[in-house]
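Participant: Next up is a structure, given as structure tokens.
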Amino acid sequence: MIDVAQYKAEIAAIPGDSLIIPRSQINELLTELENGQIAKRTLRRIHTIASMSSSVLALAA
């Protein structure tokens with residue numbers, strides 16, 4: 001699990017109001033975010049399918 005509070009504190013400790021981040025790192029972060037969102041949607045779909053299957057099996061019994 002990522003400790004978001006720790007990372008926020010480390011970023012807050014950097015002097016100044018602006019950070020310079022290379023485009024490659026921004027793209028990497030956006031890709032990781034996108035992959036995480038895809039994973040969440042997939043897990044929700046699996047959960048929905050499992051729930052529907054359970055309901056069908058209960059009705060058949």
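The values are calculated or read from the model by the stated rules, or taken from the named source; none is laboratory data. It should be emphasised that the depicted structure is a prediction, and the values quoted were computed from it without experimental measurement. With ideal geometry, Cβ positions are generated from the backbone for all residues, glycine too; neighbour counts draw on all protein chains shown. With ligands, DNA and RNA removed, areas are computed over all heavy atoms of the protein, side chains included. Shrake-Rupley method; radii C 1.70, N 1.55, O 1.52, S 1.80 Å.
Participant: Contact list please: Cβ distance under 8 Å, first residue in segment 1-20 and over 17 Å from residue 33 (Cα atoms), second residue modelled with pLDDT under 85, pairs at least six apart or on different chains.
Facilitator: 11/19
Participant: Same structure, new question: From 3, 17, grab the single residue that is surrounded by fewer than 10 Cβ atoms within 10 Å (Cβ to Cβ) and within 20 Å of the chain's Cα centre (by Cα).
Facilitator: 3
Participant: Output the residues belonging to segment 9-61 that are part of a helix (DSSP H, G or I) and of a type in the set (Gly, Ala, Ser).
Facilitator: 9, 12, 24, 36, 39, 50, 51, 53, 54, 55, 58, 60 - these are the residues of segment 9-61 that are part of a helix (DSSP H, G or I) and of a type in the set (Gly, Ala, Ser).
Participant: Only residues that are aliphatic (A, V, I, L, M) and open to solvent by less than 70 Å² (accessible area, probe 1.4 Å): list them for segment 20-56, please.
Facilitator: 39, 50 - these are the residues of segment 20-56 that are aliphatic (A, V, I, L, M) and open to solvent by less than 70 Å² (accessible area, probe 1.4 Å).
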